[in-house]
1. Go through (1) within 29 Å of residue 478 (Cα to Cα); (2) at pLDDT below 70; (3) over 48 Å from the mean Cα position of the chain (by Cα) one by one and return the number of the condition residue 407 breaks.
2. Report, by residue number, each residue of segment 439-461 that is in a strand (DSSP E or B) and at pLDDT below 95.
3. In segment 474-497, what residues are surrounded by fewer than 16 Cβ atoms within 10 Å (Cβ to Cβ) and within 22 Å of residue 525 (Cα to Cα)?
4. Given the conditions (1) closer than 30 Å to residue 264 by Cα; (2) surrounded by 10 or more Cβ atoms within 10 Å (Cβ to Cβ), and given that residue 235 satisfies all but one, which numbered condition is not satisfied?
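The values are calculated or read from the model by the stated rules, or taken from the named source; none is laboratory data. Small disclaimer: the values here were computed from a predicted structure and weren't measured. Neighbour counts are summed over all protein chains in view; Cβ atoms, including those assigned to glycine, are modelled from backbone coordinates with ideal geometry.
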């Protein structure tokens, strides 16, 4: 036994002596007799006992309600309902539905038991400890109200099924209603009921696992909270963890965090490593009629970093919607950059719906609402043959193109301008291209001809200008080469006369490929005369 333990045991013994004096008051004879009964000793086993066997001393009769049990030759000594030392003989029954189970046995060092019938006070307590700190110099040590520590002896190789520093529990075995049943409460008070200076860090409870060894800890849990229903009763609301912040007295809370997960710390005594780091990990919530891994009942959810969906968004919409956003989905960012607001790199997005599977509404036609980048794919499949897979609804009147197809460089390839005029629906389709196709003169235009594709011409539509040189003839007049090849040779190239005399040349398209179309004349042109033709191509 070390000095600290010996001092603690002697302190308890001194308390027994004072209690004996308090029982008998100022009556010297009774006080002496009570003191005789309360003479304490510390045996070789470190057990505090009450020794009635001192020579010349007798055991007095104690007042009603006070009992002292002496046990000669044993290791247990009781004073009232307080026991010191390990139990002798058979182990004591321990009726608790805890780790040991109901009817298990235990050994203890200090055991206090009492039955309370008087609940007329504000509080009823099984034990009460108060420590008042009033230092005269600046403290250099921490202050503990109560410390409970359990040690395994160094070098002992025995296995233990469970070790707990402390165990607080409440048992409701009556049939009445308990408004609040709390297993344990940890509170850090500042200024209660008065006073209280600044505090750098206040923690109501601090739970942690600290491994200073080279051993492996299979499962380290800083806090393990559970709501268990082991009976046939009903838990209306089961919260394994419940968090709430209160500010109801006019104070200020700068940042309120219901739950805060800090960045893992690997700096300290050595350089540590973490293989996989999960700020928040949710297992598959596959139990219950309605199941949500995350349910937000309101407010804004914000993700500064990326949101990954490695499995995509897939499933069959039945009674519960696969993806529901009654208030809409707001995506901000740079759709043209490498990190768009909503981006698919290689996987395609498939939307199967009979009506409105995916709707985009925007009042600003200068901003990109949805972008499918290079390598991506957007596929819309109607539910029935009568369904329109892609439906673009424009405004009643539009002053600018409502829908556009652009290249990755920003060139407008196609644009649609819908509207209504005098009650009739109208629509304009425009093709765009930053650089026009090229054109080369054929033998039918003679010597030194000039040819051109008028500005604004595209691979889909435009106008060609053909001016004959000297000695023109019949046959190939010009070959137009597309800026970008078609996937297959155009199935239709429509030519239209755009200048006086052009019709007389009996021009026609003599051949098409994925890269060109050829214009030929059946009637030779007149030298130094210009002929213009419109063209429109359908692949």
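1. (3)
2. Filtering segment 439-461 for residues in a strand (DSSP E or B) gives 439-441, 447, 450-453, 461.
Correct list: 461 only.
3. 474, 475, 494, 496, 497
4. Going through (1) closer than 30 Å to residue 264 by Cα; (2) surrounded by 10 or more Cβ atoms within 10 Å (Cβ to Cβ) one by one, residue 235 breaks only (1).
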